[in-house]
Amino acid sequence: MDSLNNAVLIQNATLDDIEAMVNKAVERRMAEFYDRVRSKPPVLIKRKDAAKMLGISLPTLDAYAKAGILHQRHIGGRVYYEEEELNKYKPSK
């Protein structure tokens, strides 16, 4: 059913019309790609520092990650969290 939703019905379209549609779609995808590439890489926070930043214990941090509340990044056997995501849950002073 999903492929049916993504299907495009082309009737009475010339080759130039189809080429223009494909070019427009490719340009849009390339612009999205370049926007992601140009954006700054996320600031990564170590697990211990993330727990401290949120004022919670390491087991609680792990439970949040397991529950899908926070997303972990595993790099070289270490666990990191994105600072931007942590800031959303950071307690206000």
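The numbers here are math on the coordinates, done by the rules we state, and not lab data. As the structure is a prediction and not an experimental result, all values here were calculated from the model. Reconstructed Cβ throughout: ideal geometry from the backbone, glycine too, with neighbour counts over all protein chains shown.
What the table shows:
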quantity: Among residues of region 59-75, those that are surrounded by 13 or more Cβ atoms within 10 Å (Cβ to Cβ), closer than 22 Å to Ser92 by Cα and not hydroxyl-bearing (Ser, Thr, Tyr), counted; calculated: 5
quantity: Identity of the residue in region 53-93, in a helix (DSSP H, G or I) and among the polar types (S, T, N, Q), that ends up farthest from Lys40 (Cα to Cα); calculated: Thr60
